[in-house]
1. Given H placed on each backbone N at 1.01 Å, which residues far from V90 in sequence or on other chains put an amide H within less than 5 Å of it?
2. If packing is taken as the average count of other Cβ atoms within 10 Å, what order do 8-15, 51-58 fall into, highest mean first?
3. Could you calculate the contour length gain from R88 to T13, that is, 0.36 nm times the residue separation minus the distance between their Cα atoms, to one decimal place in nm?
Amino acid sequence: MAAESEGHRSAGTWLAAAADAYLKVRARAGLPLPLAWHRNGRFRVILMDGADVEVRGVVSPPFGIFQGTAEGPDGNPRRTLVHLPTRRVVATLRTSAQCRALAAELAVVLIRGDPLPTPGAVVERHEREAK
């Protein structure tokens with residue numbers, strides 16, 4: 001009945017509109033957004049030396065995380081967050097959880113329509129906490 005009262009043909013379209021409105025309100029409030037991460041993803045990243053390589057990791061568009069640093073994937077326990085559309089390394093942190101938290105904060109910026117910031121206060125805070 002709520003869907004019909006708002007002019008939707010089905011409860012599904014009404015729920016989708018409600019979820020979109022909820023996420024926009026969270027973004028405007030500056031709250032981190034929950035992201036759905038998928039294992040065994042493959043994506044491309046531009047490393048510090050300018051090489052464009054494909055890496056394996058977890059993906060939640062528009063972000064990906066791989067094991068290694070901006071110098072490349074390796075057995076290093078550190079994790080690197082990548083902005084997938086630009087293939088740019090955002091930050092290298094100690095754990096995947098820290099990368100996911102940073103991605104959730106940055107997703108708010110992207111939903112607002114703002115460009116991804118150059119490494120600034122948010123990234124520096126997460127890097128400090130990773131040490």
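1. For V90, the qualifying residues are L81, V82, H83.
2. Ranking the peptides 8-15, 51-58 by packing returns 51-58, 8-15.
3. Result: 23.5 nm gained on full extension.
Rule-based calculations on the coordinates, nothing more; no lab input. All of these numbers come straight from a predicted model, not from anything done at the bench. Note that each Cβ is placed from the backbone with ideal geometry, even for glycine, and that neighbours are counted across all protein chains shown.
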